[in-house]
Amino acid sequence: MAVALEQANQDAALHFARVHYGAPAVARVRNWFSLMLGAGQAGEREKLKQVNEFFNRIPNTSDQAQWGKSDYWATPLELIGANGGDCEDFALAKYFTLRELGVADERLRLTYVRAYLPASKEMQSHMVLTYHPAPDAEPLVLDNLTNAIKPASERKDLAPTYSFNGAQLWASKLRGSGRLNEPAPANLWSMLRARLPADEHAPQTTGEK
C-alpha cells in the first residue's frame with residue numbers, strides 16, 4: 001500500500017480498509033493521511049515525533065494472535081487497518097511513512113536489538129527504527145515501547161545486534177556499523193515489498209534477486 005497522498009492512492013487505501021477491516025479502519029486510515037499532510041512541511045525532528053506517537057497508539061500484539069503466523073511483516077495499511085501489530089510492524093510503518101515525508105533512506109535503519117523488558121525481567125528480541133542525522137552522528141531511537149525519542153546511548157535497556165534499510169543490511173556495533181554478509185531478513189523484506197505497489201519507497205536489499 002502506497003503512502004503517497006494522490007487521490008487515487010487514497011481512494012484505493014480507503015476501499016481496502018473498508019472491505020477488509022470495516023468502518024473504524026477507514027477512520028484510522030484517514031487519520032494517517034491527515035498526519036502526513038500536517039507533517040509534510042515540518043522539520044525532521046518534528047516528523048519523527050509525530051510519526052512515532054501516531055503509530056504508538058496502535059495496540060501491540062503478536063504475529064500469531066494478529067495474523068495467525070509466527071512471523072509476518074505487515075504493510076502500514078495492514079497495521080492501521082487491523083489496529084494491531086508487533087514491534088517489526090511498528091518500525092516498518094514508521095520507516096515507510098517517514099520516507100514518504102521526505103526523510104532520506106540513508107538516515108533510517110530498521111534495527112534489531114535485545115531489549116530488557118521489565119514485565120518479563122528478561123532480554124528479548126525487538127525491532128526499533130533508528131534515525132541517523134549524519135553518518136557519524138549518534139542515532140535516535142523510535143520505539144513502540146515509548147513515545148520518548150532518545151539517543152541510542154541513553155537507551156541502556158537496548159543492545160543492538162544489526163540493522164538495515166531498503167538498500168542494504170548492516171551489522172551494528174554500538175556507535176558504528178559494518179556491512180552484514182548474511183541477509184537474514186531479506187526474505188521477509190521481499191515478501192513485504194511484494195505487497196507494496198511499485199512506487200513505494202522500498203529499494204532492493206542486497207541478497208534479493
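The values are calculated or read from the model by the stated rules, or taken from the named source; none is laboratory data. Treat the numbers as computed from the prediction; the structure is a model and nothing was measured. Here the Cβ positions follow ideal geometry from the backbone for every residue, glycine too, while neighbour counts run over all protein chains shown.
Listing for the model above:
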| read-out | value |
| --- | --- |
| Failed criterion for residue 79 (all others in (1) surrounded by fewer than 16 Cβ atoms within 10 Å (Cβ to Cβ); (2) touching a strand residue (DSSP E or B) at 6+ places or on another chain (Cβ under 6 Å) hold) | (1) |
| Count of the range 11-42 residues which are part of a helix (DSSP H, G or I) and either within 16 Å of residue 94 (Cα to Cα) or among the hydrophobic types (A, V, I, L, M, F, W, C) (or both) | 21 |
| Positions within the range 56-73 being basic (Lys, Arg) and over 16 Å from the mean Cα position of the chain (by Cα), in sequence order | 69 |
| Any hit, the range 62-72, residues being over 26 Å from residue 124 (Cα atoms) and surrounded by fewer than 23 Cβ atoms within 10 Å (Cβ to Cβ) | no |
| Positions within the range 117-134 being over 14 Å from the mean Cα position of the chain (by Cα) and either more than 23 Å from residue 49 (Cβ to Cβ) or touching a residue at least 12 places away in the same chain (Cβ under 8 Å) (or both), in sequence order | 117, 118, 119, 120, 121, 122, 123, 124, 125, 132, 133 |
| Residues of the range 48-63 satisfying the condition of being out of contact with any Gly (no Cβ under 6 Å at 6 or more places or on another chain) and either farther than 14 Å from residue 93 by Cβ or in a loop (DSSP other than H, G, I, E, B) (or both) | 49, 57, 58, 62, 63 |
| Cβ-Cβ under 8 Å pairs, at least 6 apart or on other chains, the range 150-162 side part of a strand (DSSP E or B) and surrounded by 13 or more Cβ atoms within 10 Å (Cβ to Cβ), far side of a type in the set (Gly, Ala, Ser) and at pLDDT 95 or above | 158/152; 160/152 |
| Search result, residues across the range 79-116 that are free of Cβ contacts under 8 Å to residues at least 40 places away in the same chain and either among the aliphatic types (A, V, I, L, M) or in a strand (DSSP E or B) (or both) | 79, 85, 93, 104 |
| Count of residues meeting criterion [under 21 Å from residue 102 (Cβ atoms), free of Cβ contacts under 8 Å to residues at least 40 places away in the same chain and among the aliphatic types (A, V, I, L, M)] in the range 135-149 | 2 |
